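*Asks:* Input: one structure, supplied below.
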Amino acid sequence: MEKEKTKAIVKEPDLSYGHYSYADYLAWEMEEVVELIKGKIFKRAAAAPSRIHQRLAGDLYTELNLFLKGKQCQAYIAPFDVRLPVKSTKNEKIHTVVQPDICVVCDLGKLDDRGCIGAPDLVIEVLSPGNKQLELQHKYEVYEESGVKEYWLMDALGQTLLIYTLVGGRYQSSRLMTCGDTAKSTAVVAFELDLATFFADIK
């Protein structure tokens, strides 16, 4: 769906300005994929993600989507806007809009035609050379603060997985998992992923 234009089109907003809102975001017309974190613009890499990144994200989304058939929760794959309001859901009061590689939303009341407003239950980010700092620092913080119950950080090249689980408002990390381990989700009950089998198909 084409973004609603709430202001005059701005092709290149000032990246040094750190007080943008979702209302501003809706008015931008940029070739690059951008995310808004606490009012500051973050551009994703200009080039398309690597083939392995896309294959892994696509395969994992397929696994989740098949598992969730007939269940309450729904899985979405990027590009998909997730708005993370702090106090107000008004466009001009929302200062964080991200596009996780994959997310699962169980409270369907959070979904609208523009994406998701509020924290998904599960967020999965696939690391690539161009996005590691963004995922490891800035997104970790906003996912934790906004109440994302579970955050998977998957390294396509290293074939590893870390799971962060929200406990008492803070993330607790699993050990680093790899082939031979089975990832088990607490946010998406009963979903399991055999990493040896999963990564064996990623070539």
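*Asks:* Going by what's in this entry, would Arg44 be described as in contact with a strand residue (DSSP E or B) (Cβ under 9 Å, 6 or more places away or on another chain), buried (at least 16 other Cβ atoms within 10 Å of the Cβ), at pLDDT below 95 and under 24 Å from Tyr22 (Cα atoms)?
*Replies:* Judged against the criteria, Arg44 is a match.
*Asks:* Still on this structure, please answer the following. Of all residues in the range 130-154, which are acidic (Asp, Glu), surrounded by 17 or more Cβ atoms within 10 Å (Cβ to Cβ) and at pLDDT 85 or above?
*Replies:* Glu150
*Asks:* Okay, next question. Could you check Arg83 against (1) of a type in the set (Lys, Arg); (2) more than 22 Å from His19 (Cα to Cα); (3) touching a strand residue (DSSP E or B) at 6+ places or on another chain (Cβ under 6 Å) and say which number it fails?
*Replies:* Exception for Arg83: condition (2).
*Asks:* Quick one: which of Glu135, Glu141 is over 25 Å from Ile202 (Cβ atoms) and assigned to a helix (DSSP H, G or I)?
*Replies:* On the way: Glu135 fails: over 25 Å from Ile202 (Cβ atoms).
One residue alone meets the criteria, Glu141.
*Asks:* Sticking with this structure for a sec: Could you please find all residues in the range 69-95 being of a type in the set (Gly, Ala, Ser) and within 16 Å of Ala187 (Cβ to Cβ)?
*Replies:* Ala75 - this is the single residue of the range 69-95 that is of a type in the set (Gly, Ala, Ser) and within 16 Å of Ala187 (Cβ to Cβ).
*Asks:* Pick from Leu157, Leu122, Leu166, Leu176: which is closer than 24 Å to Lys71 by Cα and more than 13 Å from the chain's Cα centre (by Cα)?
*Replies:* Values: Leu157 fails: closer than 24 Å to Lys71 by Cα; Leu122 fails: more than 13 Å from the chain's Cα centre (by Cα); Leu176 fails: closer than 24 Å to Lys71 by Cα.
Criteria check complete, one pass: Leu166.
*Asks:* In addition: Filter the range 1-31 down to the residues that are within 23 Å of Lys87 (Cβ to Cβ) and assigned to a loop (DSSP other than H, G, I, E, B), then identify the one that is modelled with the lowest pLDDT.
*Replies:* This residue is Thr6.
*Asks:* Checking Val34 against (1) more than 30 Å from Lys203 (Cβ to Cβ); (2) touching a Phe, Trp or Tyr at 6+ places or on another chain (Cβ under 9 Å); (3) among the hydrophobic types (A, V, I, L, M, F, W, C); (4) modelled with pLDDT of 95 or more, which test does it fail?
*Replies:* (4)
*Asks:* Another question, then. Of all residues in the range 93-115, which are assigned to a helix (DSSP H, G or I), surrounded by 12 or more Cβ atoms within 10 Å (Cβ to Cβ) and touching a residue at least 12 places away in the same chain (Cβ under 8 Å)?
*Replies:* Across the range 93-115, the qualifying residue is only Lys93.
The values are calculated or read from the model by the stated rules, or taken from the named source; none is laboratory data. Just so it is clear, the structure is predicted and the values come from calculations on it, not from any experiment. Note that each Cβ is placed from the backbone with ideal geometry, even for glycine, and that neighbours are counted across all protein chains shown.
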